[in-house]
Amino acid sequence: MAAPLPPSLYADTARPGISAPPLAGNRRASVGIVGGGFTGLSAALHLAQRGTDVVLLEANEVGWGASGRNGGQVNPGLKYDPDQVEADFGPDLGRRMVAFSGNAPNVVFDLVRQHQIQCEARQGGTLRAAYATKTAAAVRSTAEQCLRRGMPVEVMEREVIRAFTGSDRYICAVRDRRGGSLNPLGYARGLAEAAQRAGATIHGASPALSIVRQGSDWIIRTPGGELRAEHLIVATNAYSDDIWPGLRRSIVPVFSGIVASEPLSPELASRILPDGASLYENGQITVYYRIDVNGRLLMGGRSPMRDIADMNQLGWLIRYTEKLWPELKGQRWSHCWTGQLAVTTDHYPHFHEPAENALICLGYNGRGVAMATAMGGELARRTLGTPVASLDMPVTALKTIPFHGLWRTAAAARITYGRIRDALGL
């Protein structure tokens, strides 16, 4: 039985879900996809648009995981600056990775426009803001590297960023106009509907119990039947289990929490990130926020390492909003929720081809709305025969993380350490 959709602002406001009955009996397809988040849905859509017979299996309902619970920020780029990416992967692949990841938000907003997805999408830009001297230097370096490559970015110094955010917290920020925001659950549901219209089949409440190779086929067994496919795509991200050997232990699932306010007064809402822009702080522990189309403030950051729905357990986020905007003291907060995102040890997305006609992609390190959507297209290209050397992201070996069983303790310690450093301005 599928787990119910966790409570959140998105669950209350997103467009209705799609009809996706469980898999019943045996089914054959050219491509079988495990996972109904942005990665799997985008891959299904891109494949179906090319006339491929594709079936997607989701354990619960589409968008149930991080794809339906994240901050709704559509951020360009990778964690590392362009110079570092090119140093890590060379001038050819590195340059293509920078261009591909920078363009990822455009892929999202183009799909929204093309398929008329109702998801509160606004391409108002993404701000990377610094409040400490050291991180301000890093932000300015990011901007310089992006401008050198002709990207649509601008540096906002203290007075400008104060006027743009309504807070005097920040020294500077870099604004990338390719970014923006949306309702992620609505977007996931819209992607699913678009994929269905293109010819893809989607089954909810159909967890993959096992994946085995039989001849040239992959056999995916679910509680209601089995799917036989020539090609396999596993797109389970932070909710990966042991369905593929070692996959769960190749990433660290980290919880992030979000609080959402009641609608702010129009006057106050207009002073905090106008035009649909979103902001994330360049600190040891990432905090991110935006104003949605209804004037609600959504503030997110690291949370306890579990699913929670108690506002008191995310009280530090509310207190932080009052630090940024003292006039918010006494503001009513209507929703809080958490979800898991996948972090990789090298902080790059991981694209694996662990067996013939089998692909895995996961680990977006907090940039999943844009990058997971774009990677769905790369998965489709590779499935249809594009050579690895022609892809815009590297295909790497699947490697497990040593001492993975200690991840909860290590993640909690890292968050505490990061908060101390942020408090000290380091």
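The values are calculated or read from the model by the stated rules, or taken from the named source; none is laboratory data. Remember, predicted model here, so these are calculated numbers, not experimental data. Neighbour counts run over all protein chains shown; Cβ positions are idealised from the backbone, glycine included.
I'd like to check something: does region 61-69 contain any residue that is within 30 Å of Gly102 (Cβ to Cβ) and in contact with a Lys or Arg (Cβ under 7 Å, 6 or more places away or on another chain)? Scanning region 61-69, I find at least one residue that is within 30 Å of Gly102 (Cβ to Cβ) and in contact with a Lys or Arg (Cβ under 7 Å, 6 or more places away or on another chain), so the answer is yes. Against the test of being of a type in the set (Gly, Ala, Ser), surrounded by fewer than 20 Cβ atoms within 10 Å (Cβ to Cβ) and touching a residue at least 40 places away in the same chain (Cβ under 8 Å), the options Ala205, Ala195 yield a single qualifying residue, Ala205.
Within region 154-164, if we keep just the residues that are part of a strand (DSSP E or B) and acidic (Asp, Glu), the residue that is nearest to Glu86 (Cα to Cα) turns out to be Glu154. Residues in region 172-181 that are in contact (Cβ under 8 Å) with a residue 60 or more places away in the chain and either hydroxyl-bearing (Ser, Thr, Tyr) or touching a strand residue (DSSP E or B) at 6+ places or on another chain (Cβ under 6 Å) (or both): Ala173, Arg175, Asp176, Gly179, Gly180, Ser181.
For region 327-337, check the following and say yes or no: at least one residue is buried (at least 21 other Cβ atoms within 10 Å of the Cβ), part of a strand (DSSP E or B) and at pLDDT 95 or above. Show your work before the answer.
Our first condition is that a residue be buried (at least 21 other Cβ atoms within 10 Å of the Cβ); within region 327-337, this holds for 336-337.
Subsequent filtering for residues that are part of a strand (DSSP E or B) retains 336-337.
Remaining after also requiring at pLDDT 95 or above: 336-337.
Within region 327-337, one or more residues are buried (at least 21 other Cβ atoms within 10 Å of the Cβ), part of a strand (DSSP E or B) and at pLDDT 95 or above.
Of the residues Arg95, Arg149, Arg169, Arg113, the single one that is under 30 Å from Ala198 (Cβ atoms) and out of contact with any strand residue (DSSP E or B) (no Cβ under 7 Å at 6 or more places or on another chain) is Arg113.
When region 1-14 is filtered for residues that are touching a residue at least 60 places away in the same chain (Cβ under 8 Å) and surrounded by fewer than 17 Cβ atoms within 10 Å (Cβ to Cβ), the ones remaining, listed by number, are Met1, Ala2, Ala3, Pro7, Asp12.
Is at least one residue of region 137-147 without any contact (Cβ under 8 Å) to a residue 24 or more places away in the chain, in contact with a Phe, Trp or Tyr (Cβ under 9 Å, 6 or more places away or on another chain), farther than 30 Å from Pro16 by Cα and not acidic (Asp, Glu)?
Checking region 137-147: not a single residue is without any contact (Cβ under 8 Å) to a residue 24 or more places away in the chain, in contact with a Phe, Trp or Tyr (Cβ under 9 Å, 6 or more places away or on another chain), farther than 30 Å from Pro16 by Cα and not acidic (Asp, Glu).
Checked against (1) over 21 Å from the mean Cα position of the chain (by Cα); (2) surrounded by fewer than 19 Cβ atoms within 10 Å (Cβ to Cβ); (3) in a loop (DSSP other than H, G, I, E, B), Met151 passes all but condition (2).
Here is a yes/no grid of residues against (1) under 15 Å from Leu328 (Cβ atoms); (2) part of a loop (DSSP other than H, G, I, E, B); (3) at pLDDT below 90:
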site	(1), (2), (3)
Asp275	no, no, yes
Tyr280	no, no, no
Ile285	no, yes, yes
Tyr289	yes, no, no
Gly295	yes, yes, no
Leu298	yes, no, no
Met305	no, yes, yes
Ala309	no, yes, yes
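Before we move on, is His347 surrounded by fewer than 23 Cβ atoms within 10 Å (Cβ to Cβ), assigned to a strand (DSSP E or B) and at pLDDT 95 or above? Against the criterion (surrounded by fewer than 23 Cβ atoms within 10 Å (Cβ to Cβ), assigned to a strand (DSSP E or B) and at pLDDT 95 or above), His347 does not qualify. Among residues of region 69-104 being hydrophobic (A, V, I, L, M, F, W, C) and outside any helix (DSSP H, G or I), the one that is nearest to Tyr10 (Cα to Cα) is Val74. For region 366-390, filtering for residues that are part of a loop (DSSP other than H, G, I, E, B) and buried (at least 19 other Cβ atoms within 10 Å of the Cβ) leaves 2.
Restricting region 19-41 to residues that are over 22 Å from Ala2 (Cα atoms) and of a type in the set (Gly, Ala, Ser) leaves a set whose member that is surrounded by the fewest Cβ atoms within 10 Å (Cβ to Cβ) is Ser30. Looking at the structure I just gave you, is Thr133 among the hydroxyl-bearing types (Ser, Thr, Tyr) and crowded, with 17+ Cβ neighbours inside 10 Å? For Thr133, the condition - among the hydroxyl-bearing types (Ser, Thr, Tyr) and crowded, with 17+ Cβ neighbours inside 10 Å - is not met.
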